[in-house]
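> Take this structure, written in structure tokens, and hold onto it; I'll ask about it next.
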Amino acid sequence: MLLLLVACSAGPPDPRPGLRARWAGLRSVKLDAAQAFRDARYGEACAALKLSLAGAPGASPAEEAGWARLLTVAARDPACLDGVDGDAIAEWGAGRKGWTDAVGEWRAGRGLYVDPVGLAPDSRLSVALRGDSRAPVVDAALLVLAEDPQNARACSLLVQDDIDRGELLLGLGRCPDVHTSALVRLRAAALDEAGRFEEAVAAYDTAGFTLHSAAVLYQERADLDDEVARRLDEPVPPAALHRAWFDLLRGRSPRLTGLDESHEALLVRALAGDTDSVAALQGVPGVEAKVLHARLTGSVEPLDALLAADPDNDVVWRARLGVALEQGFDLEESLGRLAARDPDHLRLRHPTPRREAPWSAIVPWTWERLRSRLPALAAVGEDDVGRNWRRAVAQPESERSAALAELQTAHPELRGLARFRAGGSILDGPAGLR
């Protein structure tokens with residue numbers, strides 16, 4: 001009876017010896033687990049922890065803390081542990097001192113409900129990230145930064161949120177002492193969207209993202225092609241993709257060698273004239289594929305459908321007019337619809353640059369080019385966005401920023417406004433009110 005009670009009271013089996021044995025042959029590498037974890041480089045943290053734990057069979061508080069940290073890392077990077085191993089570690093660690101956060105994060109990652117009350121701020125953030133709402137994530141990230149102002153994960157999440165809301169300057173100024181590659185890349189993207197291209201190129205180069213800097217250069221400059229070619233001279237699919245876009249924007253047949261099967265590569269193949277790729281665009285998500293399919297098939301109906309859902313979309317309007325011009329369609333009805341739009345609203349809706357699928361190649365018709373063929377082209381309507389913009393820019397400088405910020409908060413989709421507020425120039429648009 002006593003043996004039975006002991007067996008029943010024994011906790012779950014300790015998975016550590018078996019895992020140590022499996023990791024004994026791991027290749028030794030020099031990694032700092034603590035720094036990698038702090039920088040949110042969870043793949044490196046995982047590798048370093050496995051090496052450390054494989055060679056530390058003795059039981060100690062530090063060793064047990066390492067296993068808890070490994071479970072935390074695996075909750076944030078599913079490639080670190082498979083589900084069976086992670087479940088075994090979580091089951092063994094549940095209820096043990098110092099394991100609440102790790103077990104909570106793991107269970108949340110497995111789709112189980114976890115009450116964030118009682119978790120440390122960083123783990124509370126992990127749980128919030130499993131939900132569908134942005135506000136709890138932002139709130140949790142702010143709590144993390146209040147405790148640890150250099151937490152790289154919280155910094156990156158908040159900078160991305162700043163960018164998404166059109167607050168580019170706020171994002172550029174956040175966490176100035178954190179310089180992880182992920183954060184530098186976000187800052188460079190914010191500079192790029194702001195139209196501050198030289199600064200964006202410098203930021204990308206500093207972090208070693210030479211393909212990103214090359215993309216900015218060939219899409220925004222026409223005088224540094226030798227420099228672009230040097231940066232794109234890599235035998236990897238992302239470089240092949242940018243070489244093809246580079247060719248298309250310079251009026252050359254795109255080089256297709258080395259392209260992968262990504263959606264962006266499909267866009268390139270379609271532009272190169274591959275009929276199967278053109279047909280396949282209909283099954284690709286995203287506005288780029290829909291617009292390009294309409295352009296290549298000479299069909300304006302899909303563009304009209306997009307405009308019915310989003311009547312102030314700058315790039316779709318340019319595509320609609322450009323396709324109609326190229327096909328020789330009657331433009332009276334579409335020009336009439338355009339005339340009802342507010343021209344400033346259209347300019348403020350300029351699309352966010354996505355360098356892997358540049359709009360300048362997908363929709364080559366600028367407003368200037370369209371006006372050269374359509375002298376009567378104009379948008380002379382008025383709406384609240386346009387009126388609020390004109391009212392804001394007419395105010396004294398001391399009041400202008402607050403008025404523009406209020407407009408941005410109400411309309412984060414106004415990426416042209418985000419660019420203007422971050423130091424870039426206001427973009428071209430149809431003739432009309434100014």
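> Mind giving me the nanometre distance, one decimal, between the label points for Glu301 and Asp383, set 7 Å out from Cα along Cα→Cβ?
2.5 nm
> Which ³J(HN,Hα) values, rounded to whole Hz and listed in residue order, are derived for segment 75-90 from phi using the Karplus coefficients 6.51, -1.76 and 1.60 in 6.51 cos²θ - 1.76 cosθ + 1.60 with θ = phi - 60°, glycine and proline given as x?
5, 8, 9, x, 6, 6, 9, 6, x, 5, 5, x, 4, 5, 5, 5
> Just to confirm the number: angle between the C-alpha axis of helix 181-193 and the first principal axis of the chain, 0 to 90 degrees, nearest 10?
So the helix axis and the longest Cα principal axis differ by about 10 degrees.
> If we restrict to alpha carbons, what Rg and Dmax does segment 183-252 come to, in Å?
Rg then Dmax for segment 183-252, in Å: 11.5, 35.
> Name the trypsin sites (Lys or Arg not before Pro) in segment 66-149 that are in a loop by DSSP and that have at most 11 other C-beta atoms within 10 Å, would you?
Lys97
> Could I ask something else about it? If the chain between Asp310 and Asp115 were fully stretched, how many nm would it gain, using 0.36 nm times the residue separation less the Cα-Cα distance?
That pair, Asp310 and Asp115, stretches by 66.2 nm at full extension.
> OK, next. Here are a few candidate values for Cα Rg over 2.2 N^0.38 Å: (1) 1.00; (2) 1.21; (3) 1.47. Which one was actually calculated from the structure I just gave you?
Label (2) holds the value from this structure.
> Between segment 324-380 and segment 160-192, how many Å separate their Cα centres?
31 Å
> Rounded to two decimals, what ratio of Rg to Rh does segment 277-338 give with C-alpha atoms and a Kirkwood Rh?
Result for segment 277-338 is an Rg/Rh of 0.96.
> Suppose the chain between Asp139 and Asp14 were pulled fully straight at 0.36 nm per residue; how much longer would it get relative to their current alpha carbon spacing?
Full-extension gain reported as 41.3 nm.
> Explain nothing, just the number: dipole magnitude of the chain about its Cα centre with +1 on each Lys and Arg Cβ and -1 on each Asp and Glu Cβ, in debye rounded to the nearest 20.
Value, rounded to 20: 500 debye.
> Using a 1.4 angstrom probe and counting only protein chains, how large is the accessible area of Glu147 in Å², to 10?
Probe radius 1.4 Å; accessible area of Glu147 about 130 Å².
> For segment 139-279, what Kirkwood radius comes out of the mean inverse Cα-Cα distance, in Å?
For segment 139-279, inverting the mean 1/r across all distinct Cα pairs yields 16.7 Å.
> Also: Report the full-extension gain for the segment Glu63 to Ala79: residue separation times 0.36 nm, less the Cα-Cα distance, to one decimal in nm.
Full extension from Glu63 to Ala79 adds 3.6 nm.
> Still on this structure: Quick check: pseudo-label points 7 Å beyond the Cα along Cα→Cβ at Ala376 and Asp225, how many nm apart are they?
So the two model labels end up 3.9 nm from each other.
> Quick one: compute the contact order of the chain, relative version, from alpha carbon pairs under 8 angstrom and 6+ residues apart, as a percent.
10 percent
> Taking a quarter of the surface of the convex hull around the Cα atoms of segment 57-122, what do you get in nm²?
4.6 nm²
> Could you work out the pair-distance distribution P(r) of segment 96-197 from its alpha-carbon pairs, with 10 angstrom bin width and percents rounded to whole numbers?
16, 41, 29, 12, 2, 0
> Same structure, new question: Between Ala410 and Arg369, how high is the FRET efficiency from 1/(1 + (r/R0)^6) when r is the Cβ-Cβ distance and R₀ = 41 Å? Nearest 0.05.
Once the sixth-power term is evaluated, E becomes 0.80.
> Describe numerically, in nm with one decimal, the distance between label points set 7 Å from Cα along Cα→Cβ at Val393 and at Ala202.
2.7 nm
> Using only DSSP helix segments of four residues or longer, with each worth -39500 (n - 2.57), what per-residue ellipticity at 222 nm results for the chain after dividing by its residue count and rounding to 500?
For the chain, the value works out to -18500 deg cm²/dmol.
> Quote the FRET efficiency, to the nearest 0.05, computed for Leu256 versus Ala279 with a Förster distance R0 of 22 Å and r equal to the Cβ-Cβ distance.
Plugging the Cβ-Cβ distance into 1/(1 + (r/R0)^6) gives 0.80.
> What lysines does Lys97 reach when the alpha-carbon gap must be under 25 Å and sequence neighbours fewer than 8 apart in one chain are set aside?
Partners found: Lys50.
> For a quick check: with amide H placed at 1.01 Å from N, whose amide H comes under 5 Å from Gly432's, ignoring anything fewer than 5 positions away on the same chain?
Answer set, sorted by chain and number: Ala379.
> Dipole magnitude of segment 141-291 about its Cα centre, charges +1 at Lys/Arg Cβ and -1 at Asp/Glu Cβ only, in debye to the nearest 20?
Roughly 220 debye for segment 141-291.
> Could you quote the convex hull projected area for segment 315-434, Cα atoms only and averaged over all directions, in nm²?
7.8 nm²
The values are calculated or read from the model by the stated rules, or taken from the named source; none is laboratory data. Just so it is clear, the structure is predicted and the values come from calculations on it, not from any experiment. Cβ sites come from the backbone with ideal geometry, for glycine too, and all protein chains shown count toward neighbours. Heavy atoms of the whole protein, side chains included, go into the accessibility calculation; ligands, DNA and RNA do not. Shrake-Rupley method; radii C 1.70, N 1.55, O 1.52, S 1.80 Å.
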